[in-house]
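Down below is the structure, laid out as structure tokens.
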Amino acid sequence: MAKRTIRKQTSERRSSNDSDTTVTVSEEYTVEESADAESVTVTESVEVSAEEAAASPKDDSGDSKKSFLNEYKDKNKLMTSVLYGIGVLISALLAFYIRIIPRDGVFMENGFIRLGENDPWYHWRNVNYLLENYPSMMWFDPATTYPYGTPQAFAPLYDMIAATVIKALQIVTGNGTEEFAMTVFAYWPCVLAGVCVIAVYFVAKYLFDSRNIGLMSAFLLAVAPGQFLSRSIIGFSDHHVAEVLFSSLVILFLILTLLKARDKIITFEDIFKGKLSAFKPILPYAILTGLAMGTYTLIWEGALLFAFIIGVFITIQMMINHLKGEGTAFIAVTGLIIFVIDLLFIFVTPQIGEYKSLHLMALGAGILAMVFMAVLSYALEKKNLNRLYYPGILAGLVVIVSVVGSLVSSTVKNALLGLVGFFTRTGGALTIGEASPYFGSDVNPLLFTVLIAVFLILLPFMATSYIKKSNVKKGLLAGWSVLFLLLVLASGSALSLFTTFSVMGYIWILALPIMAYIAVKNNSMEKILLVVWTVILLWAMVQQNRFTYYFVVPVVILTSWLFMELARAVKADEAWALFNKNFLSKDRNKQPEPAPSYSSKQEKAQSRRDSSKVKAKPADNGNEKIAVAAVVLIIALGFLLVPTYSLTTQYVSGTGGPNEAWIDASLWLRDNTPEPGLDWFGHYEEPLQDIDGDGVADTGSGIGIEHFENQASIVPFDYPGLAYGVLSWWDYGHWLEVIGERMVNANPFQFGVGGRRGAITDEMIPGAAPFFVAETEKEATGYLADIDPREDKVGARYIVTDIEMASGMSKFYAMTAWTLDTQNYSVTINLNGQDTTLIGSDRYFNSMVYRLHMLDAVGLEQYRLVYESMGYSSSSTMSAQEIFYKQLYNQLYSKSVTETNTGYVKIFEYVEGAVIKGTAAPNETVDLTLTIQTNQNRIFNYNQSVKADADGSFSFTVPYSTTGPKTGETNFAVKPIGSYTVKYGAAEERVDVSEDDILNGRTVTV
């Protein structure tokens, strides 16, 4: 008997839950012929691709092949899990490696370990305190915001975890040095970034039931540029990367909760009757979500952002479920469990930064809102009323409460305004780099907020019967994307999306509306969560660019999903199977079966006649399909990864943090100024701020987040008698406190900045901003004295400046912005043949910061230069700015200030000043001069001029001692050469002044 095999392959598209599926069916016919040609047996076998087997109902007992796009369903295939595990581990290690590339900028040649930027230094202060007092946290720090001190400004858990890890490693290694601890702390954010990559893998995997989407999301997060990378780079040991990790865990456990609830019917009646069997499998995951949320809240004091995300999701999902008649009990109970657990975490924690009271109020309000929504849904269901009543009543109540409340109470009005633009900053706070609007100020962030609100409203609206045609729904979502893009273009910041997220910054705009349509159409709760998560993070990012490090997570997930949809569209499944068969299979080189032999010519002829009855197409080896899929996917990957690689390389080119000049200046301050009298690792209690005498701490006022960050202290801390403050711009407060080990007035929490918050007519709050922009020495000293309310004290003994503060092209504008008085600082001058407007008016040149830093405090009576750091490269931007402003000053005022670079950082001391008195001819001009040499061997002349009165009496108040430092006081490095010279008429007197004279305000007579 002879056998012949004929194969036939066909394809068709079938619909699945959220996409169309290409189904490939292979039919095989085996023809058996008897020797006498009287009987023919045809056997048919049908093979369906694994993709269809996964998407269609099937018998689970049968075997199915693994496809390229969908994971194995057989959990026993350990090798597959191992391969994916290796892929995730490689992605995590890649994330770690990328972030340690610039480690030479952290571990300096002189042995100094330089942490990045500002806040990581204060985290190190907390961790170092914990290592000395483990497990006690520093809940109050008198060394910052002098003379009041500051309650712990960070949520405690990040520092507690870091300290615990370091403590354990110290025990294991036997190395208890501070250098070892600080080294571990410098690497800590890189480790957390790797763990983030693993967490995001599981988030994406469970969102789409796809290991491939999970693996691609993990890889893209590992290599993504932007603030997630810059805030998890070596040395940037801030809590931001931990925020992303623990917020991703919140989302992960909530997704698992939603997946466990799929196909389970849970009603309010069951809950009321205690029939919770359907809820029992879900309960552990809901509790885990609550625990993750509580932990996340202890990592970051602003964790209400994700409570808000969950609250909005719960509201929208309850609306959709009610409109579709699918019940809301499970959603409401899940939300209540999460919020109650989070509330308990907060209640038992002494402090959550400045926001504990806000957390308690917001979560309490959220719990009440969920109970109300659940009761309303249940009541409407019982009465069998039109389902549209539910969203209608909720929307109506929101409008009524908002309008009536705003008309009746300004407090309600401010609260509502604060909610709409909660993260929006105003006034001087807009100059904080990370707090500025992502798309700039050309387009009001409120417009983006309105557009985002419209998107959220569309989600439940698409579940109503008003929109029946899918094309209308798609059109509405597509229209939203177009409007969003137009708004981005109008802002002039469209390129920001590329520099922050690479091409993924535009891909998500395409993917989001598609995902929203699929999610609502199928009421896929986990995908609705993804949409809400993305949109709320977008709302936060629009107001403050810092939230890009959160937004990158849904961006990489949506990008990965869209890429896999592209792979599906080009039949990558089929192409992979063919590639495996043609090039990887063991049978790829199998020789064809030999031609059949025939016993006679009649038998051969009969075989030919039978073969002609079944016609088959020529065999297709599928190489063309392989080529098409490969070319499309390689181009797509190149389009995605090439610019990403380029941008990521730029982000890891260096680390931030204090430059060498700031490090040297801070160390000099530590080693050459009097000890302030505090135990740096001691425990101190916060004084009660109770100006109204009601026994309750006073709170600040304002709108949005500034309400909780503008709390003014009234009662100073009870410092030792030797204590004093160090005043600089707020950017540098943590460096001076932690490296310099001195108490600072202003810090990166923006405490001690001073200025105004509401209107220019408000009273000026004493602090750094009004001091540095003051236009006379007397005005500046008045603000310095007012910083400390105690009559016998001034706010600061040392003033630290740098060229960035003094330059009109750098941080000077920020100082004016905090006072809300930014007018008349600019002039228009001709530069290179073009009229250019820049800061450079009398107000600028008379400012205290200019006179201190640019003019070396020459002519000032109570401020002396005591230290000058190294200069900077003549090719640097700041070098050009110092020379430019000195040239402009000389040109405008006919002065002869030396047009050279000086120290990048300068330290000045405020002193009582000695009085030099004498007698000259009546109304005669008297000149005083003193030659000064800095520690950088730069020489300048300190001078003053006065006019004798009608009796011929004159006096000078001078800040420099000519006899050298005094033991126990400032060991100043900037020293006079010789004595003061006093000239009047033909007379020339030389006068020496001691340090005691300077410090005690004594009089020296000529």
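Bear in mind these aren't lab numbers, they're just calculated from the coordinates by the rules spelled out. As the structure is a prediction and not an experimental result, all values here were calculated from the model. Cβ atoms come from the backbone with ideal geometry, glycine included; neighbour counts cover every protein chain shown.
Amide H contacts under 5 Å for Gly952: Asn923, restricted to partners 5 or more places along the chain or on a different chain, H placed in the peptide plane at 1.01 Å from N. Extending 7 Å from the Cα toward the beta-carbon at both Val348 and Glu988 defines two label points whose distance is 8.0 nm.
Computed over neighbours whose Cβ is under 15 Å from that of Met108, the net charge equals -3, Lys and Arg +1, Asp and Glu -1.
For the stretch 880-887, 3J(HN,Hα) computed residue by residue from phi via the Karplus equation (6.51, -1.76, 1.60; θ = phi - 60°) reads 4, 5, 5, 5, 4, 6, 6, 4 Hz, glycine and proline entered as x.
For the stretch 660-905, the Cβ-based charge dipole about the Cα centre amounts to some 960 debye (Lys, Arg positive; Asp, Glu negative; other atoms uncharged).
The spacing between the stretch 216-270 and the stretch 365-382, judged by their C-alpha centroids, is 28 Å.
Our estimate of slack between Leu407 and Leu566, defined as 0.36 nm per intervening residue step minus the Cα-Cα distance, is 52.0 nm. Each Lys and Arg adds +1 at its Cβ and each Asp and Glu adds -1 at its Cβ; summed about the Cα centre, the stretch 911-1005 shows a dipole of about 280 debye.
Give a quick list of trypsin sites (Lys or Arg not before Pro) in the stretch 748-798 that DSSP marks as loop, anything other than H, G, I, E or B, with at most 14 other Cβ atoms within 10 Å.
Within the stretch 748-798, the qualifying trypsin sites (Lys or Arg not before Pro) (loop, at most 14 other Cβ atoms within 10 Å) are Arg790.
Each residue of the stretch 997-1006 was assigned a 3J(HN,Hα) from its phi angle through the Karplus expression (A = 6.51, B = -1.76, C = 1.60, θ = phi - 60°), giving 4, 5, 6, 9, x, 6, 9, 10, 9, 6 Hz with x at Gly and Pro.
Of the residues Tyr684, Tyr550, Tyr732, the one with the fewest other Cβ atoms within 10 Å heads the list, and the complete ranking is Tyr684, Tyr550, Tyr732. Peptide packing: for 817-824, 981-988, 781-788, 313-320, the average count of neighbouring Cβ atoms within 10 Å per residue gives the ranking 313-320, 781-788, 817-824, 981-988, highest mean first. Computed from phi, the 3J(HN,Hα) profile of the stretch 721-730 under the Karplus parametrisation 6.51, -1.76, 1.60 (θ = phi - 60°) reads x, 7, 5, 7, x, 10, 9, 8, 6, 4 Hz, with x in place of Gly and Pro. If R0 is 60 Å, the Cβ-Cβ spacing of Ala379 and Leu83 corresponds to a FRET efficiency of close to 0.70.
Taking Lys and Arg as +1 and Asp and Glu as -1, the other residues whose beta-carbon sits under 11 Å from that of Ile346 total -1.
Stretched out straight at 0.36 nm per residue, the stretch from Ser955 to Lys778 would grow longer than its current Cα-Cα span by 62.0 nm. Loop-resident GluC sites (Glu not before Pro) (DSSP state other than H, G, I, E or B) in the stretch 325-396 with no more than 16 further Cβ atoms inside 10 Å of their Cβ: Glu326.
Are there GluC sites (Glu not before Pro) in the stretch 827-936 that DSSP marks as loop and that have at most 14 other Cβ atoms within 10 Å, and which are they? Don't skip to the end; give the middle numbers.
Working: sites: Glu861, Glu868, Glu882, Glu899, Glu909, Glu912, Glu924; in loops: Glu861, Glu899, Glu912, Glu924.
When the GluC sites (Glu not before Pro) of the stretch 827-936 are filtered for loop state and at most 14 Cβ neighbours within 10 Å, Glu899 remain.
Extension gain, Leu94-Asp792: 0.36 nm per intervening residue step, less the Cα-Cα distance, totals 245.5 nm.
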